[in-house]
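Colleague: Dropping a structure here in structure tokens format, bear with me for questions.
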Amino acid sequence: MLEVFIYESTTLLDQLDEILLDSEKEKQMNEENVNEIFRIMHTLKGSSAMMGLNAFSNLAHAVEDVFAIVREDRSKMDNVSETIFNLVFQASDFLKVEIEGIQGDDYAPKDPADLIQQLHSLADVMNGKAPAAPAQAAKPAEEAPAVGKKGFCSIRVHFEDGCQMENVRAFMLLTQLKEVCDELDSIPEHPENDANLCEDLIRDGLIVLFKPASALDDVISVIEKAVNVKSYEVLSTTEEPEEAPAAEPEKEPEPPAASAAKKPAPSSASEPSASHPSVSSSASSSAPVETSAHKNAVKQSLISVNQSKLDQLMDLVGELVTTESMVASNPDLEGLKLDNFTKSTRELRKLTDDLQNVVMSMRMVPLTGTFQKMNRIVRDMSKKLGRPVEFETIGGDTEVDKTIVDSITDPLMHMVRNSMDHAIEPPEERVANGKSETGKVTLSAQNVGGEIVIKVIDDGRGLDVERIMAKARNNGMLTKPESEYTSSEIFGMIMLPGFSTNEKVTEYSGRGVGMDVVHQNLAKVGGVISIESAKNVGTTFTIKIPLTLAIVEGMEISVGKSIFILPITSIRQSFKVYDSSQILHDTNGTEMIMLRGECYPILRLHSVFDIPTEVTELNEGILIQVENNRSCACLFADQLLGEQQVVVKGFPPYLSRYDIKGSGISGCTILGDGSISLILDTNGLLNF
């Protein structure tokens, strides 16, 4: 149940942030968004109460009270819209921290009393009532005897949360009251005839209009003893005021948890427990915890699975692919003509490929959620720094392996914060430079071949080359004469540990760890980053990462008796050297080759990895032109063995103390014959 609660609460809070950000950007909140926020907070309140998280539940209830007022009359948020957005964002942050804390071993609930009090005060301001008055902005008491019957008493009754079939509950109560009343009516009238009245009863309660047969106390006694009655409130009486022992006025009555489904049709909230899609096998017994997958009348079959199980499934599929390859290329079969066996292995390969594609697709998730978090960062920093910024996202529906999404969240956060804090200028500075007062930050993603390309673009002041060089000089980071540094090398310095051009440590920067985190996290998932910048024009950070870390298409190459795997996405072309005049040497003695008017360095793999081989002449082996985001080079190997789909295996923990990736190796794999092959890392080789 806890896993379901964490999963669904996180989903609902992300949805809440998205609605708030869109509404704040539009400077208005439409009816659909108001209702959706109300449902979200009601679901969070109910599910957290079920889990015993009272602070969580109380805060959600306070937010719900505010939106109950807005739902009744949206004009009441006109003068306090900014306050509403700020307080609800704070509430969302508090709830997210609580969810994080729940997952730890030493969770201690935090007290949101101050935030709840601010929300209550806001509700009072919106209602124009004293603090003791109810927060609900439903029909005022004087409307109760609106049926035009004089001398009638009136009591508003609220039923228990989630009791379901409120119209039937109302009918049962009215039936009991007939015995103690001379005349009896209600608002709404005849509730048993219309199930659609449930939502009205949830929101406004049942107003009972009556003339008591004897004393008012007899009527109140029946109401107090009735099943499923949560509270009541005496609205008017023909007797003396002191004879009406009204219960303490309550805040907004809550609709049942069933109304929290994502954007249902207007009448769906009143339908008693329609079909709820299964999000997890453990969710069926926990009614207050609901899924956001229920949309309109469309029933979806969804299931929440622990990521570790998906990882295990991926490992097993990888082993299956390896085993299939071992069977198909078994050396005992060499020279044998086995047509039926060959046909069977082809069919097996087709099935394993299909299985692999399905499993990989299960791990693919869109970047929308990650992009949404960046939207929130821009919003908060824009307000705190006083810099109006337009944030644009492109390609949020691009799908990436879940492991990679988790790894790039922090890098993206630091890059967006860097753009906001370092790049985007204050309004007056932008106007002085002939720019719009409002800055712009763009976050885009697209699928290019076997890679995801993500860009963070701003139209700020750009990177200051002289300032970066001065900082590097003062910190002793220069490794060669300043005149030899290219622009890309200078820009790359901002990702060195401890490097920051900010002279003063602020909430957002100045410690020199932000861009270093970007570099380190991207390296873990085989990603690379490049930077382009122009003074007073802007800066573009470009990230290239693989679609998945589990299985790659590679080219088998041999060097001596060793076999390496080179990812196909890194290969531009392969060729043999027939003309020795193409081979050149620069002033440092580096071996180079001329291709179509451009020179590229040659990396002899047998020299890089100190592997004995008989193939040392360039015209005897093969050259493979590879590239990363910054440079291009040609690798020299003995021969190409063919294309191979391989399962990536990590190195054992005891090798973690060595900088293996820095030496040009990203992982290893098991070949069809059972031998281990190392996977080459193009970025590491080109920086070798």
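Colleague: Restricting the search to the stretch 281-333, which residues are in a loop (DSSP other than H, G, I, E, B) and modelled with pLDDT of 55 or more?
Modeller: Ser301, Leu302, Ile303, Ser304, Val305, Asn306, Ser329, Asn330
Colleague: Pick out the one residue from Ser57, Ser75 that is without any contact (Cβ under 8 Å) to a residue 24 or more places away in the chain and open to solvent by 30 Å² or more (accessible area, probe 1.4 Å). Walk me through how you get there before you give the answer.
Modeller: Values: Ser57 fails: open to solvent by 30 Å² or more (accessible area, probe 1.4 Å).
Matching residue, one of Ser57, Ser75: Ser75.
Colleague: What residue, of Thr403, Thr398, Thr409, is within 30 Å of Gln307 (Cβ to Cβ), touching a strand residue (DSSP E or B) at 6+ places or on another chain (Cβ under 8 Å) and at pLDDT below 85? I'd like the intermediate steps shown before the answer.
Modeller: Working: Thr403 fails: touching a strand residue (DSSP E or B) at 6+ places or on another chain (Cβ under 8 Å); Thr409 fails: touching a strand residue (DSSP E or B) at 6+ places or on another chain (Cβ under 8 Å).
None of the other options fit; the residue is Thr398.
Colleague: Okay, next question. If you take the residues of the stretch 501-517 that are among the hydrophobic types (A, V, I, L, M, F, W, C) and either open to solvent by 20 Å² or more (accessible area, probe 1.4 Å) or modelled with pLDDT of 80 or more (or both), which of them is nearest to the chain's Cα centre (by Cα)?
Modeller: Taking the candidates together, the pick is Val517.
Colleague: Next question, about the same structure. Of the residues that sit in the stretch 164-218 and are assigned to a helix (DSSP H, G or I) and open to solvent by 70 Å² or more (accessible area, probe 1.4 Å), which one is modelled with the lowest pLDDT?
Modeller: In the first step, residues of the stretch 164-218 are kept if they are assigned to a helix (DSSP H, G or I); the result is 166-180, 191-193, 195-204, 216-218.
Then drop every residue that is not open to solvent by 70 Å² or more (accessible area, probe 1.4 Å), which leaves 171-172, 176, 178-179, 193, 196, 217.
Numbers: Phe171: 80, Met172: 77, Gln176: 82, Lys178: 85, Glu179: 82, Asn193: 72, Asn196: 76, Asp217: 84.
This residue is Asn193.
Colleague: If Val528 satisfies every condition in (1) more than 28 Å from Cys668 (Cβ to Cβ); (2) among the aliphatic types (A, V, I, L, M); (3) in contact (Cβ under 8 Å) with a residue 60 or more places away in the chain but one, which is the exception?
Modeller: (1)
Colleague: What residue, among those in the stretch 41-54 that are of a type in the set (Gly, Ala, Ser) and open to solvent by 10 Å² or more (accessible area, probe 1.4 Å), is nearest to the chain's Cα centre (by Cα)?
Modeller: Among those that are of a type in the set (Gly, Ala, Ser) and open to solvent by 10 Å² or more (accessible area, probe 1.4 Å), it is Gly46.
Colleague: Within the group Val615, Val626, Val646, which residue is part of a loop (DSSP other than H, G, I, E, B) and either surrounded by 15 or more Cβ atoms within 10 Å (Cβ to Cβ) or within 40 Å of the chain's Cα centre (by Cα) (or both)?
Modeller: Selected residue: Val615, the only one of Val615, Val626, Val646 that is part of a loop (DSSP other than H, G, I, E, B) and either surrounded by 15 or more Cβ atoms within 10 Å (Cβ to Cβ) or within 40 Å of the chain's Cα centre (by Cα) (or both).
Colleague: Is there a residue in the stretch 386-408 that is out of contact with any Asp or Glu (no Cβ under 6 Å at 6 or more places or on another chain), over 18 Å from Val517 (Cα atoms), open to solvent by 20 Å² or more (accessible area, probe 1.4 Å) and free of Cβ contacts under 8 Å to residues at least 12 places away in the same chain?
Modeller: no
Colleague: Something else about it: Restricted to the stretch 540-563, and to residues that are under 25 Å from the mean Cα position of the chain (by Cα) and in a strand (DSSP E or B), which residue is farthest from Asn433 (Cα to Cα)?
Modeller: Ile551
Colleague: Could you tell me which residue of the stretch 84-116 is surrounded by the fewest Cβ atoms within 10 Å (Cβ to Cβ), considering only residues that are of a type in the set (Asp, Glu) and either touching a His at 6+ places or on another chain (Cβ under 6 Å) or in a helix (DSSP H, G or I) (or both)?
Modeller: Result: Asp114.
Colleague: Where in the stretch 356-442 are there helices (runs of 4 or more DSSP H), lying fully within it, with 2 or more residues that are under 16 Å from the mean Cα position of the chain (by Cα), closer than 22 Å to Val528 by Cα and not hydroxyl-bearing (Ser, Thr, Tyr)?
Modeller: Fully inside the stretch 356-442 and qualifying: 368-385, 402-418.
Colleague: Could I ask something else about it? May I ask you to list the residues in the stretch 377-423 that are among the basic types (Lys, Arg) and closer than 24 Å to Val537 by Cα?
Modeller: Those that are among the basic types (Lys, Arg) and closer than 24 Å to Val537 by Cα: Arg379, Lys383, Lys384, Arg387, Arg417.
Colleague: Let me ask something additional. Inspect the stretch 574-592 for any residue being within 20 Å of Ser558 (Cα to Cα), in contact with a strand residue (DSSP E or B) (Cβ under 7 Å, 6 or more places away or on another chain) and open to solvent by less than 50 Å² (accessible area, probe 1.4 Å) and give the result as yes or no.
Modeller: Yes, because at least one residue in the stretch 574-592 is within 20 Å of Ser558 (Cα to Cα), in contact with a strand residue (DSSP E or B) (Cβ under 7 Å, 6 or more places away or on another chain) and open to solvent by less than 50 Å² (accessible area, probe 1.4 Å).
Colleague: Which condition number does Ile457 fail, the rest of (1) open to solvent by 20 Å² or more (accessible area, probe 1.4 Å); (2) not in a strand (DSSP E or B) being met?
Modeller: Only one criterion in (1) open to solvent by 20 Å² or more (accessible area, probe 1.4 Å); (2) not in a strand (DSSP E or B) is unmet by Ile457, namely (2).
The values are calculated or read from the model by the stated rules, or taken from the named source; none is laboratory data. Computed from a predicted model, the values in this text were never measured in an experiment. Every residue, glycine among them, receives a Cβ derived from its backbone with ideal geometry; neighbour counts consider all protein chains shown. For the accessible areas, the whole protein counts, side chains as well, though only heavy atoms, and no ligand, DNA or RNA atoms are used. Shrake-Rupley method; radii C 1.70, N 1.55, O 1.52, S 1.80 Å.
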